[in-house]
Amino acid sequence: MSDVNEIETRRIAESFRPSFRPLLMTVLANALLAALLLGVPYVRGRAIASSERPAFARLARCLLGGEPSDAPGLGLPKGEREHFADQVLFAKRDWPLSCRSNLQALMPPDAIFLWPSVKEAGADLRAVLRLLDTELAALHRKRLQSLATIPARPLLALSKVQAALTLMAQATGLETGIDNEALRFASQPILAVPARLPLFAAQDATLDLSMEAGVLDALSLDGRGVSWLHMDSGQVDHERVKRGGLVRAVLRAGTEPYLVFATPRARCQERKDRCAGRATGIAAYDKGAHALPAPFWLQGHPAARPDRAMQVSSDGQVTLLALGDGGQGLVLRRFHIDTHSAAVADAAPIEPAQSWPVTEASGVLDALLLPGEPMQVAYAEQDGEEIKAELVAPGTETAPVTLPGLKGVNPFVVACGSGAARFLGVGSDSGLRLFRSDGTAGVSELGMLEARIETPLHPDNPALDRLRLLCTEDALRVFLLDADATLSVSVCDAKRGCVAKRKLAARVAAFSLTSTDNVALVAFSGVAPAREIRILRLDARGQALGPALPAAACWEPASGMCGVPKLLRDGPRVLLTARDGGDLLAIESNDAGQHFTTLSGLQMGRALDPSMHDPLEQHRIRKGLH
């Protein structure tokens, strides 16, 4: 009996001893649950993130062009903006909607069983991908409407996709190689990449440019200062000085800039004598002095915009078409100044070395000092409903030539010269009558162009003139931007007269001209918001040698090669410039405008890189800290 009790006692005692098997089972069960709840989301998140990089590379190649990279990351190579602009302008009709399949492949699943950080990164990625899809759809609609400006919003949306993918890579621990480029560009972009030169002038400033033997010189006037930019052998120098209230214009003796000081036009319009009794100042711009030069003051006030009423030579000879006494009539005066000495402050105005009366007519509304020798002056006056005009050769025995008049109001005169030939236009709001003058040999009429002409000559800024002449010794090409914002050309010569106007472009805001060989180059910008600059090449008969094409990208919002263009010719080299904020953008062509490229020879360490990736680096360059 005692044995039974002992066995029972031992059994009861052993039941109170701990058993490791249930504890081990519990630990194993919890470990398996932890692996399931933590490991599977971790592995799944890494699998999703690792598939995103190749998908992003395919999307980037579709949007930007280019070729696959060996080890694609999330970076984009330099030049992605220009290649995107190429795609916008020149890709197939179904682009960018053809990239939607690549975009959908990049869309992460809306899964529940993921780490919270990965799930949040996936939600952010889906949101920015939907944003990018919306921007691509809007871009497609704009392309169907003949889009010209390049919207920057798709690129901004793509950068947000990069940011979201970066957060997902960080959340999953897949950061190795994240900075590698997703693609590479095997060729240069079709559109030229403008060089950005630091001008530091207001966007609407008056800009005077000169280029000779590869040396670019720019002088700009805005409401507060005078900005100077000089580029020689790739080196860029610039300065800005405070502008005085009387600085009105820039003239050049060859490439040397001179500042013109005169009473503002608005103030002269309030005076009965139109400032005829006021003096005109002129001074060579003193580069590097960091201050305005003291001007030589001349007796007389310009009878027209200074670039139309004044000429200056490198030996200090200044010719001024001035208003007559009391603002009546015109007088031509010639002065001699010593450009090698400083002007004396508060000195009396210099008297003219020579002076010739032009006319005593009281109704002169526009006048022009023709370029070249012998000196000739053309002026126009209003006589009732008719415009009367004369061509005068002061200082010679040649009698004034009365030019055939025309109907209308708001008379104006324009001219250009080539060799011994000079071409002259007398116009009104209803048309333009054209003439040819061979010095003192006489004047012959070429023809009459009928058009609605509105403000052909800007009162202050020559770059905004709406009528320009381009001439050779044998022919004249007349470019007119009429009241309907239509740009047209008409060719005139002594044999055929003037042919009918040929329309070049509609909705034009501003244009610039130059010629090389027998090709005329026209750069024009559209009316806002389509402010892109396009290049058109014309033959000697004014016929287009191809469609008008952009030479560089104009971005939306407005930046890049937009707005008022300026063409310069330096031998076979043609320069196209435009303003972008406080800077000057420039590209060049060496094949008569067929192709434009980045400005050659420029040392970008001194100028600004067009890339917008490194604002701090650009700030350092501007401040000279590079």
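The values are calculated or read from the model by the stated rules, or taken from the named source; none is laboratory data. Just so it is clear, the model here is predicted, and its values are computed rather than measured. Backbone-built Cβ (ideal geometry, glycine too); neighbour counts: all protein chains shown. We work out accessible area using only protein heavy atoms, side chains counted, and drop any ligands, DNA or RNA first. Shrake-Rupley method; radii C 1.70, N 1.55, O 1.52, S 1.80 Å.
Between region 529-603 and region 49-117, what is the separation of their alpha carbon centroids in Å?
Measuring centre to centre over Cα atoms gives 31 Å.
What order do K160, K503, K242, K272 take when sorted by accessible area (1.4 Å probe), most exposed first? If you can, show how the numbers build up before the last one.
Values: K160 105, K503 135, K242 170, K272 195 Å².
Solvent-accessible surface, decreasing: K272, K242, K503, K160.
Hey, with R₀ at 45 Å, roughly what FRET efficiency would A544 and H340 work out to, going by the Cβ-Cβ distance, to 0.05?
Working: r = 49 Å, r/R0 = 1.09.
For R0 = 45 Å, the calculated efficiency reads 0.35.
For the chain, return all DSSP H helices satisfying: extent of Cα atoms along own axis at least 24 Å; mean Kyte-Doolittle hydropathy at least 0.0. Walk me through the numbers on the way to the answer.
Working: long enough: 40-64 (36 Å, 0.24); 116-144 (42 Å, -0.09); 153-172 (29 Å, 0.75).
Flagged H segments are 40-64, 153-172.
Return a whole-number percent for the relative contact order of the chain, with Cα pairs under 8 Å and 6 or more residues apart as the contact set. Don't skip to the answer; put the middle values down first.
Working: 1329 pairs, mean separation 62.5, N = 626.
Once divided by the residue count of the chain, the mean separation gives 10 percent.
If R0 is 51 Å, what FRET efficiency do you get for S187 and D460 from their C-beta distance, rounded to 0.05?
On the way: r = 44 Å, r/R0 = 0.86.
For R0 = 51 Å, the calculated efficiency reads 0.70.
Arrange the peptides 276-282, 244-250 so that the one whose residues have, on average, the most other Cβ atoms within 10 Å appears first. Mind showing how you got there, number by number?
Values: 276-282: 21.1, 244-250: 18.1.
Going by the mean number of other Cβ atoms within 10 Å, highest first, we get 276-282, 244-250.
Hey, for a label at R507 modelled as a point 7 Å past Cα toward Cβ, could you say which residues of region 87-128 have their backbone N under 13 Å away?
Of the residues in region 87-128, none has backbone N under 13 Å from the label point off R507.
What residue among P264, T206, L323 has its Cα farthest toward the positive end of the dipole of the chain, where the charges are +1 on Lys, Arg and -1 on Asp, Glu, each on the Cβ?
About the Cα centre, the residue reaching furthest to the positive side is T206.
At R0 = 35 Å, how high is the FRET efficiency between E445 and Q269 if r is their beta carbon distance? Nearest 0.05 is fine.
Values: r = 33 Å, r/R0 = 0.95.
Calculated transfer efficiency: 0.60.
Expressed in nm to one decimal, what extension gain is obtained for the pair T402 and A294 from 0.36 nm per residue of sequence separation less their Cα-Cα distance? Display every interim value, and only then the final one.
Working: separation 108, 0.36 × 108 = 38.88 nm, distance 4.11 nm.
Value of the extension gain: 34.8 nm.
Would you check the accessible area of R436, probe 1.4 Å, heavy atoms only, in square angstrom rounded to 10?
40
Towards the positive end of the charge dipole of the chain, with charges on Cβ (+1 Lys, Arg; -1 Asp, Glu), say which of P357, G300, S488 has the farthest Cα.
My answer, from the dipole projection, is S488.
Taking only DSSP H segments of four or more residues, each worth -39500 (n - 2.57), what value at 222 nm results for the chain once the sum is divided by all its residues, to the nearest 500 deg cm²/dmol? The partial results should precede the final answer.
On the way: 10 runs with 138 residues, N = 626.
When only DSSP H runs of four or more count, the value is -7000 deg cm²/dmol.
Restricting attention to the alpha-carbon atoms of region 40-117, what are Rg (one decimal) and Dmax (integer), both in Å?
15.1, 47
In debye to the nearest 20, how big a dipole does the chain give about its Cα centre with +1 on each Lys and Arg Cβ and -1 on each Asp and Glu Cβ?
Working: 68 positive and 70 negative charges, 332 e Å.
For this selection, approximately 1600 debye.
Taking Cα pairs under 8 Å and at least six residues apart, what relative contact order does region 518-595 come out at, in percent?
Numbers: 156 pairs, mean separation 18.3, N = 78.
It comes to 23 percent, rounded to a whole number.
D286 to N5: extension gain in nm, 0.36 nm per residue of separation minus the Cα-Cα distance? Display every interim value, and only then the final one.
Values: separation 281, 0.36 × 281 = 101.16 nm, distance 12.37 nm.
Here the answer is 88.8 nm.
Step by step: find N for the chain, compute 2.2 N^0.38 Å, then divide the Cα radius of gyration by it. What's the final number? Please list the in-between numbers first.
On the way: Rg = 35.7 Å, N = 626, 2.2 N^0.38 = 25.4 Å.
In units of the globular-protein estimate, the chain measures up at 1.41.
What is the gain in length, in nm to one decimal, between V527 and E67 on full extension, counting 0.36 nm per residue of separation less the C-alpha to C-alpha distance? Display every interim value, and only then the final one.
Details: separation 460, 0.36 × 460 = 165.60 nm, distance 3.70 nm.
Difference between extended and current length: 161.9 nm.
Which number do you get for Rg(Cα) / (2.2 N^0.38 Å) in region 281-374?
Normalised by 2.2 N^0.38 Å, the Cα Rg of region 281-374 equals 1.14.
Can you give me the distance in nm between label points at D232 and Q145, each placed 7 Å from the Cα along the Cα-to-Cβ direction?
A separation of 5.0 nm, rounded to one decimal place.
Relative contact order of region 43-108: what whole-number percent is it, with Cα pairs under 8 angstrom and at least 6 residues apart? Let's see the in-between values first.
Details: 39 pairs, mean separation 29.8, N = 66.
The normalised contact order for region 43-108 reaches 45 percent.
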